[in-house]
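The values are calculated or read from the model by the stated rules, or taken from the named source; none is laboratory data. Because the structure is predicted, anything quoted here is derived from the model rather than measured. With ideal geometry, Cβ positions are generated from the backbone for all residues, glycine too; neighbour counts draw on all protein chains shown. Note: areas computed on protein heavy atoms with side chains; ligands, DNA, RNA excluded. Shrake-Rupley method; radii C 1.70, N 1.55, O 1.52, S 1.80 Å.
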Amino acid sequence: MKNCIILDLDGSISDDSVRKKDLKDKLINWRSYFLRAGEDSVIEETYEFVKKIKNVDIIVSTGRPYFSQKITKKWIQENLG
């Protein structure tokens, strides 16, 4: 097996702190939380680390639901290239 690094998306690469406000209500609105994923900023420390990695496969993992797939792919393209 080739060398690889596995990174979780939310909280490791993407800063979901703004969306976490949706989770503080008594009735958690998970749909809203995931649909706002495009608003996340990049966690710069992780991004800089990933940019320096050579000859290693990078696997991005997430527990996001299927309905947020387009938003997630767009965010990755726009923020991680």
(request) Could you tell me which residue of segment 21-62 is least open to solvent (accessible area, probe 1.4 Å), considering only residues that are of a type in the set (Gly, Ala, Ser) and more than 23 Å from ASN3 (Cα to Cα)? (result) ALA37
(message) Looking at segment 10-23, I want the residues that are among the polar types (S, T, N, Q) and have a partner that is part of a strand (DSSP E or B) with Cβ atoms under 8 Å, at least 6 apart or on another chain. Which pairs are those?
(response) SER14/SER41; SER14/VAL42
(request) Please specify each residue of segment 50-60 satisfying the condition of being closer than 16 Å to ILE76 by Cα and free of Cβ contacts under 8 Å to residues at least 24 places away in the same chain. (result) LYS51
(message) Out of everything in segment 63-73 that is under 12 Å from LEU35 (Cβ atoms) and of a type outside the set (S, T, N, Q), what residue ends up being most open to solvent (accessible area, probe 1.4 Å)?
(response) LYS70
